[in-house]
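A short worksheet on the structure shown next.
The values are calculated or read from the model by the stated rules, or taken from the named source; none is laboratory data. No experiment lies behind these values; they were computed from the predicted model shown. Please note: Cβ atoms are built from the backbone with ideal geometry, for glycine as well, and neighbour counts cover all protein chains shown.
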2 protein chains.
Amino acid sequence: MAFTTKATITTFGGRLLKLSHESPTTGTPMNLNLFIPPTATTASPAPLLVYLSGLTCTPDNVTEKGFLHAHASRLGLALLFPDTSPRGLDLPGEHESWDFGSAASFYVDAARDPWRRHYRMESYVTRELPALVFQTFPELDPSRVSISGHSMGGHGALTLYMKHPGMYKSVSAWAPIANPSRCPWGEKAFGGYLGDDKEEWKKHDATELVKAWKGPLNCLIDVGTGDNFYKQGQLLPENFEQAVKDAGVEGLTLRYQEGYDHSYFFISTFGEDHVKHAAKFLGLRQ
Amino acid sequence: MAFTTKATITTFGGRLLKLSHESPTTGTPMNLNLFIPPTATTASPAPLLVYLSGLTCTPDNVTEKGFLHAHASRLGLALLFPDTSPRGLDLPGEHESWDFGSAASFYVDAARDPWRRHYRMESYVTRELPALVFQTFPELDPSRVSISGHSMGGHGALTLYMKHPGMYKSVSAWAPIANPSRCPWGEKAFGGYLGDDKEEWKKHDATELVKAWKGPLNCLIDVGTGDNFYKQGQLLPENFEQAVKDAGVEGLTLRYQEGYDHSYFFISTFGEDHVKHAAKFLGLRQ
């Protein structure tokens, strides 16, 4: 299914496209934003950084408040902002809480009814969406893709990176839910989407997945020390860090940023670092 | 009246304060945001750039979407984001249209009832608010202030700059309403706030005020050629430019930016240029 272009906006010299399409994977319309830097051409296609948003967000929040495109434009990097869940459904309980259902997919393919038919965000993000993007935009390079995300999207980025070795050249996350099997958000989401078998949960938990990772991790993580969700134990980056150490995995840079919270003011502050991290692994000159 | 601090947010190394206070000038509570760069100290106070927002906005829009504090932090500049009108009133017709009344003060002191008692935004922005800010924050320098704004706020910046010579070291505007006496927005606002005497309107119209300006203008203006309000004749920067030429005034840089619209994607793209413009006149190293 082709994209419908809802808006084309000139910003930082590039093109920001607000797109929608009918997704066979989710069985719903899906919205996304795509930033194409001014240097991208069919003859010299731009690499792509996928950014997965956090709970409650649409693709518009980071597009308007993250300023990632300011840096991506300068470096010649395209940015893809998928939505956080299918839209337009009315499944039982789907819209009742902000941390489950709509805008809270956790980027898994759900195994339980009624979610499993539509909540297939892992397949959507890793297969359908990039295929359609690269088919539609020959000025983007399908061989050079990295992934990043914030909070629930940081969980998504870390897990999809490790579940699909070779698909992404690097990964980064702001305040990721780094051990969802052991925090209230993750327990609720995994129980609801995947069921009660905690062995299944491990397949979608960055702290578990990294135990089997081979090679360098190519990973940058920032966490704000003033982040209430970090303080409440929803993020648990320390568990991820420990698992990385225990597994002898190289290539994790985890930084605690003094006083920063969980908001887009935090994301935008360190956006340049995350864009440069991806650019480095995607072969762009800094 | 002292400020109430509603939030303190760490961003780009500085402090973003969401403040409110009871204003004797407007007789209402007033909200504002203030960004203080990390270098500001009582011993070495930072200069201040005032940014006036456009129609429909609160101080939060530009704070979240303008990205000005990224550049201000690096250069050592503080940013003050006042509100676009008094709040908390229910005057007849105040909330009926988006281009008059609440969030649409046009930064004048109204002369007509029922507006004149509360809609005194020129006095608020030029007198009460800076006095309170500099009294409360000794790390800001009251002798080094510039002004800027977007759309209706660009009108506000240009007119307050010229109505109060010496108060501001420079001025800049994104897509300003540059000749409000001759556009539908301005005619509605000035008729409503000031009355039918068009000689009075001239005292609040940048294109009229510049005819009497002495000295350099120290002014940067950007307008997007894809801006629908520009195309509709609401902005009329060409009238301002012609008046500047006719008056033999130096120091206007007016740029037409190909394809840009009226949105915060336009503001943020050229934010660095506007912050640097102010910084230059405020004695900061680039």
Residue that is farthest from the chain's Cα centre (by Cα), among those in the range A:153-169 that are crowded, with 24+ Cβ neighbours inside 10 Å and not hydrophobic (A, V, I, L, M, F, W, C): A:Y168
Could you check the range A:1-55 for strands (runs of 3 or more DSSP E) lying wholly inside it with 3 or more residues that are surrounded by 15 or more Cβ atoms within 10 Å (Cβ to Cβ) and within 13 Å of chain B (Cβ to nearest Cβ)? A:4-11, A:14-23
A:V244, sole failed condition from (1) surrounded by fewer than 16 Cβ atoms within 10 Å (Cβ to Cβ); (2) closer than 16 Å to A:Y161 by Cα; (3) modelled with pLDDT of 95 or more: (1)
From the option list B:P165, B:P86, single residue qualifying as within 18 Å of B:P59 (Cα to Cα), not polar (S, T, N, Q) and not in a helix (DSSP H, G or I) is B:P86
In the range B:57-67, is there at least one residue being free of Cβ contacts under 8 Å to residues at least 12 places away in the same chain and either on the phi > 0 side of the Ramachandran plot or surrounded by fewer than 22 Cβ atoms within 10 Å (Cβ to Cβ) (or both)? yes
Taking only the range B:36-58 into account, find how many residues are aliphatic (A, V, I, L, M) and farther than 8 Å from B:E139 by Cβ. 6
Could you tell me whether A:L91 is closer than 24 Å to A:P184 by Cβ and surrounded by 15 or more Cβ atoms within 10 Å (Cβ to Cβ)? yes
Taking the range B:226-240 and keeping residues without any contact (Cβ under 8 Å) to a residue 60 or more places away in the chain and either away from every other protein chain (no Cβ under 11 Å) or not acidic (D, E) (or both) leaves B:G226, B:N228, B:Y230, B:K231, B:Q232, B:G233, B:Q234, B:L236, B:E238
Among the candidates A:A46, A:A72, which residue alone is aliphatic (A, V, I, L, M) and more than 22 Å from A:E128 (Cβ to Cβ)? A:A72
When the range A:56-83 is checked residue by residue, the ones that are part of a helix (DSSP H, G or I) and under 22 Å from A:P24 (Cα atoms) are A:P59
Cβ-Cβ below 6 Å, separation at least six or inter-chain, first residue in the range B:197-225 and within 14 Å of chain A (Cβ to nearest Cβ), second exposed (fewer than 15 other Cβ atoms within 10 Å of the Cβ): which pairs? B:D222/B:R255; B:V223/B:Y256; B:T225/B:Y256; B:T225/B:E258
Looking at (1) within 20 Å of A:D109 (Cβ to Cβ); (2) in contact (Cβ under 8 Å) with a residue 24 or more places away in the chain, which is the one condition that is false for A:D246? (1)
For the range A:251-265, how many residues are farther than 23 Å from A:S73 by Cβ, at the interface with chain B (Cβ under 7 Å from one of its Cβ atoms) and not hydroxyl-bearing (S, T, Y)? 2
Of the residues that make up the range A:105-118, is at least one within 17 Å of the chain's Cα centre (by Cα), buried (at least 24 other Cβ atoms within 10 Å of the Cβ) and under 23 Å from A:I36 (Cα atoms)? no
Does the range A:170-223 hold any residues that are under 20 Å from the mean Cα position of the chain (by Cα) and acidic (D, E), and which are they? A:E187, A:D205, A:E208, A:D222
Going through (1) more than 9 Å from chain A (Cβ to nearest Cβ); (2) among the hydroxyl-bearing types (S, T, Y); (3) in contact with a Ser or Thr (Cβ under 8 Å, 6 or more places away or on another chain) one by one, B:S268 fails only at (1)
